[in-house]
């Protein structure tokens, strides 16, 4: 209790009559005949003990702590033997009691709890209730004096690859604290750094989709600390990084997996495009067979929209690489130089020729009509043995046409051919083996004069078109 006036007060181990007023803590100790202590008046804080007086220029709690420690030493030196009751002993024939653990929790504005604990045996005295009450009072006072509260995040929901910048502020009596990750895992790509005496910041790029729960521990200079749990959700596609590369003419299947939201998830293309032959289902499956010629340098940049069951939407970007099938790069051939030839008096041929396709409207008076390409330029190949395929799609309203394609190597000669005679409209293929070779040039040719790829000896008016392809399997 405090002194009522500024006159010398008598202080002993059973009372704390220091000059500080009002007194938050009531000190309970034991007298071992050390006599009364008259604390001086002034700005210093003082507490008596069995060994004399403890004076502090810091705080009353500091002086009291000193007195507690001294009296505990005196008590321990006079216990012989320990008592049989819980937390008791005998000091000079008198019972001595020690407090059991006392814990006090107080609430921060956001509902989180700050707790202070006084350990068992911290206070000694002549009765159990008294030492327990004293320890509880100390726990409450220390909790109020050292309470630390942490701010919440301004937002905890993000999209994958979002930039995160969130400040955490400590509210406390201390002038500075230290921040650290106490438990759990921060979102991938995000770090915690201290930015001020009472502030820290979560910064980085949310590179991985998912839900991340972690504890932030804040410690003051006197060792008081607070741990607060945070949860950050990152909606996105957990397996979109490093999409498996596709290969031309090879079946492809890859299932995207949504995370960081409420299942089930739906998917759609937001921007960009997949290689020809591939598609994305609403369930997130990329599948199909990339067409020959779909490979482009740098791959296909795509942005996929993912939507969770409660309607939250995020867009995630990636690149899908589409590789050439092993073997010669047949795209190096010159496929665009076609000529449409009447080849006879009275015949007319109108139409067009473009890369990989020739179309003509043929009118004849019984003379030969043909589609003739300029000799295709060659493609040079060095590599292992592979298999390639010649493919021709024919649309015809005339009969009696003939077409011949063949692949000729500068070293191995003719290695494959596709010969059609009197065929109807349809799709026709012929596979051929390319041997392992070094620096061999392959060209497309035929055996007829003038390199005619399509020949109608007795043409009748009608429409005839051919689409040629060669690609590796």
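Structural remarks
- Residue match in the stretch 101-109 (condition: over 18 Å from residue 136 (Cβ atoms) and at pLDDT 50 or above): yes
- Matching entry among 285, 278 (being at pLDDT 95 or above, more than 28 Å from residue 190 (Cα to Cα) and over 21 Å from the mean Cα position of the chain (by Cα)): 278
- The criterion of being out of contact with any helix residue (DSSP H, G or I) (no Cβ under 8 Å at 6 or more places or on another chain) and more than 15 Å from residue 319 (Cα to Cα) holds for residue 235.
- Test: residue in the stretch 251-266 that is assigned to a strand (DSSP E or B), under 13 Å from residue 209 (Cβ atoms), modelled with pLDDT of 95 or more and in contact with a strand residue (DSSP E or B) (Cβ under 8 Å, 6 or more places away or on another chain): yes
- Matching residues, the stretch 190-222, being without any contact (Cβ under 8 Å) to a residue 24 or more places away in the chain and either within 16 Å of the chain's Cα centre (by Cα) or in a loop (DSSP other than H, G, I, E, B) (or both): 191, 196, 197
- Residues satisfying the stated conditions in the stretch 403-425, i.e. free of Cβ contacts under 8 Å to residues at least 60 places away in the same chain, touching a strand residue (DSSP E or B) at 6+ places or on another chain (Cβ under 6 Å) and in a strand (DSSP E or B): 404, 406, 408, 409, 414, 415, 416, 417, 418, 419, 420, 421
- Residue 165 assigned by TED's automatic domain parsing to the domain that holds residue 214 and either more than 30 Å from residue 304 (Cβ to Cβ) or part of a helix (DSSP H, G or I) (or both): no
- Conditions (1) under 25 Å from residue 325 (Cβ atoms); (2) at pLDDT 75 or above; (3) not in a strand (DSSP E or B): number failed by residue 392: (3)
- In the stretch 131-151 there is no residue that is at pLDDT 95 or above, within 30 Å of residue 256 (Cβ to Cβ) and surrounded by fewer than 18 Cβ atoms within 10 Å (Cβ to Cβ).
- Residue within the stretch 438-447 that is loosely packed, with under 14 Cβ neighbours inside 10 Å, modelled with pLDDT of 90 or more and closer than 24 Å to residue 293 by Cα present: yes
The values are calculated or read from the model by the stated rules, or taken from the named source; none is laboratory data. Everything numeric here is computed off the predicted structure, so don't read it as measured data. We place every Cβ from the backbone using ideal geometry, glycine too, and count neighbours over all the protein chains shown.
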